[in-house]
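The values are calculated or read from the model by the stated rules, or taken from the named source; none is laboratory data. Nothing here was measured: the structure is a model prediction, and the numbers come from that model. Cβ placement follows ideal geometry from the backbone for every residue including glycine, while neighbour counts extend to all protein chains displayed. Side chains are part of the model used for accessible areas, which takes the heavy atoms of the whole protein and leaves out ligands, DNA and RNA. Shrake-Rupley method; radii C 1.70, N 1.55, O 1.52, S 1.80 Å.
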Amino acid sequence: MAVKNARIARWINTNVRSMQAYHVQDAGGFIKLDAMENPYAISESLRTSWLQTLQAAELNRYPDAASVALKAALQDQWQLPADKPLIIGNGSDELIQMLLLAVNGQQRTIIAPEPGFVMYPVLSKLFNMRYVGVPLRDDFRLNTAAMLAAVEQHEPAIVFIASPNNPTGNCFDESAVTSIIEAAPGLVVLDEAYFIFNDGSLVKLLDRYEHVLVMRTLSKLGLAGLRIGILAGAQDWIDEINKVRLPYNINTLSQLSAEFYLQHFTELKQQAGQIVEQRGELFAALNALPQFKVYRSDANFILFRCLEKSADSIHAALKQQQVLIKNLHGSHPLLDQCLRVTVGTGEENAAFLDALKQAV
Ligand SMILES: *Cc1c(COP(=O)(O)O)cnc(C)c1O
């Protein structure tokens, strides 16, 4: 790689130099259906009392380093087992970073099914760990035999399993997941970023296996701007991982805001219900178009494959019409000609479908 500045070449870590910075598309003026955000605004009355809550914030003081009140609200609202402590992260992304820092070591391996969430390989490589992606089946179910073989061969420090999986949208079969958990020599992290949109949570496995951790986030249920994720699990594991957390990682405004909205969780839950309803309608409308193969989703997005025109050309034509979705073509062999659309409001979905019909 040609680096003009010799000092950079000498001092910036080779892994870092070979990386690309995470690129976020500028979405000004677009109908934004690319990032799995909740499309609904919070009601005026709730916003007003939220702002009143923030008036109590003492910004001259450091935040509560342990986020005690927020943890209690999360355990309560999400019915997490009381004997499984939490770590709060600045989004799940920071929790993935903490996990990898905590197990980091020479020749350590991380395993995840693929196609999957990009932060697992990106951060593994950043920390100089080996990353092994195990392909899913063609129908995006776990390939249990391949996962078990990879676990046996590589003895991974962590197996990450996102269910529902991003970008495919499906929950994984419980028995497939448990057989991987039983074979794993290290940690298994169940990433439930999309738990609110289905009944497939495997949080009960926390009681069965002490080497399982469950990760969740507020990002997909209406509070992406707060950057709050959680990791739940056995005390001994959580104590170790907590050592790599920076002392005041969750700022006061995020703690107070998240706590407030968890106390008024019904509204966010209702919005998730609306998204699930819209998902059904969007699925049916897409499925009626013979130009696409549409995959069933347990999350707030839908993956579909372009059978006639290329994904690149359809993605570009949508962009031309101010509709932004995610082009996955080229990111993994199983995602050949695939696009992913986040479920928006009824109007946004209709605008997307109109633009899509124009594009084909
Ligand atoms: C969106 C997503 C996350 C959430 O990341 P945050 O940092 O909490 O916003 C985590 N895991 C998966 C699989 C996701 O799709």
Once the piece of chain linking H23 and T53 is laid out straight, how much longer is it, given 0.36 nm per residue of separation minus the C-alpha distance between them? 7.4 nm
Using helices alone, I'd like the mean residue ellipticity at 222 nm for the chain: each DSSP H run of four-plus residues gives -39500 (n - 2.57), total over residue count, nearest 500. -12000 deg cm²/dmol
Calculate, in nm to one decimal, what I42 and E155 gain on full extension: separation in residues at 0.36 nm each, minus their alpha carbon distance. 36.1 nm
Taking 0.36 nm per residue of separation and subtracting the Cα-Cα distance, what length does fully extending A316 through D83 add? 78.9 nm
Compute the distance from the alpha-carbon center of the range 5-63 to that of the range 85-116, in whole Å. 20
Carbon-plus-sulfur fraction of the accessible area of the range 167-215, 1.4 Å probe, in percent? 46
Could you give me D for the range 218-360, from Stokes-Einstein at 20 °C and 1.002 mPa s, where the hydrodynamic radius is the Kirkwood radius over C-alpha pairs? Units µm² s⁻¹, please. 121
The long-range amide H neighbours of I31, using H built 1.01 Å from N in the peptide plane and a cut-off of under 5 Å, are V323, L324
For the pair L101/K243, report the inter-label distance in nm, with labels modelled 7 Å from Cα in the Cβ direction. 1.3
Please list the non-local residues whose amide H lies under 5 Å from the amide H of G344, H modeled 1.01 Å from N, same-chain partners needing a gap of 5 or more. N349
Accessible area expressed per residue, the chain, with surrounding protein chains retained (probe 1.4 Å, Å²): 48
Using alpha carbons only: equivalent-ellipsoid semi-axes of the range 36-133, gyration tensor based, whole Å: 34, 18, 15
From most to least accessible, 1.4 Å probe, no ligand or DNA/RNA atoms counted, R208, R216, R108 line up as R208, R108, R216
Going residue by residue through the range 77-83, the Karplus relation 6.51 cos²θ - 1.76 cosθ + 1.60 with θ = phi - 60° gives ³J(HN,Hα) values, rounded to whole Hz and with x marking Gly or Pro, of 5, 9, 6, 7, x, 5, 8
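Can you tell me the dipole magnitude for the chain around its Cα centre, using point charges on the Cβ only (Lys, Arg +1; Asp, Glu -1), in Debye to the nearest 20?
Roughly 1200 debye, rounded to the nearest 20.
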Semi-axes in Å, largest first, for the range 112-249 (Cα gyration tensor, √(5λ)) are 22, 19, 16
Taking the alpha-carbon distance from K269 and a cut-off under 19 Å, which lysines remain once sequence neighbours fewer than 8 residues away in the same chain are dropped? K71, K220
Place a point 7 Å from the Cα of D138 in the direction of its beta carbon; the residues of the range 326-360 whose amide N falls under 14 Å from it are 334-336
Using alpha-carbon pairs under 8 Å, 6+ residues apart, how would you state the relative contact order of the chain in percent? 22
Using a Gaussian network model of the chain whose springs link C-alpha atoms within less than 10 Å, name the residue from A73, A21, A284 with the highest mean-square fluctuation. A21
5 Å is the cut-off here: which amide hydrogens, built 1.01 Å from N in the peptide plane, fall below it relative to V134, excluding neighbours closer than 5 in sequence? A112, E114
Can you figure out the FRET efficiency of A66 with Q263, using R₀ = 22 Å and their beta-carbon distance, to the nearest 0.05? 0.70
For the chain, what D do you get in µm² per second when you plug the Kirkwood radius from alpha-carbon pairs into Stokes-Einstein at 4 °C and 1.567 mPa s? 60
In whole Hz and in residue order, list the ³J(HN,Hα) couplings for the range 204-220 that follow from phi through the Karplus curve 6.51 cos²θ - 1.76 cosθ + 1.60, θ = phi - 60°; x for Gly and Pro. 4, 5, 4, 6, 8, 10, 6, 9, 9, 10, 10, 10, 9, 8, 8, 4, 8
Run through the DSSP bridge list for the chain and note the antiparallel percent, rounded to the nearest 5. 50
Percent relative contact order of the range 14-150, based on C-alpha pairs within less than 8 angstrom and at least six residues apart? 17
Comparing I180, I196, I302 in a Gaussian network model of the chain (Cα, 10 Å), the one with the largest mean-square fluctuation is I180
Förster radius 22 Å - calculated FRET efficiency between K309 and A288, Cβ distance, rounded to 0.05: 0.80
Expected max-MSF residue from G133, G116, G105 in the GNM of the chain (alpha carbon, under 10 Å) is G105
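Can you pull the percent of the range 236-360's accessible area that's carbon plus sulfur, 1.4 Å probe, other chains left in place?
Answer for the range 236-360: carbon and sulfur cover 49 percent of the accessible area.
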Note, the range 152-157: 3J(HN,Hα) by Karplus (6.51, -1.76, 1.60, θ = phi - 60°), whole Hz, Gly/Pro = x, goes 5, 5, 9, 6, x, 5
The range 321-352 and the range 225-259: distance between their alpha carbon centers, rounded to Å: 32
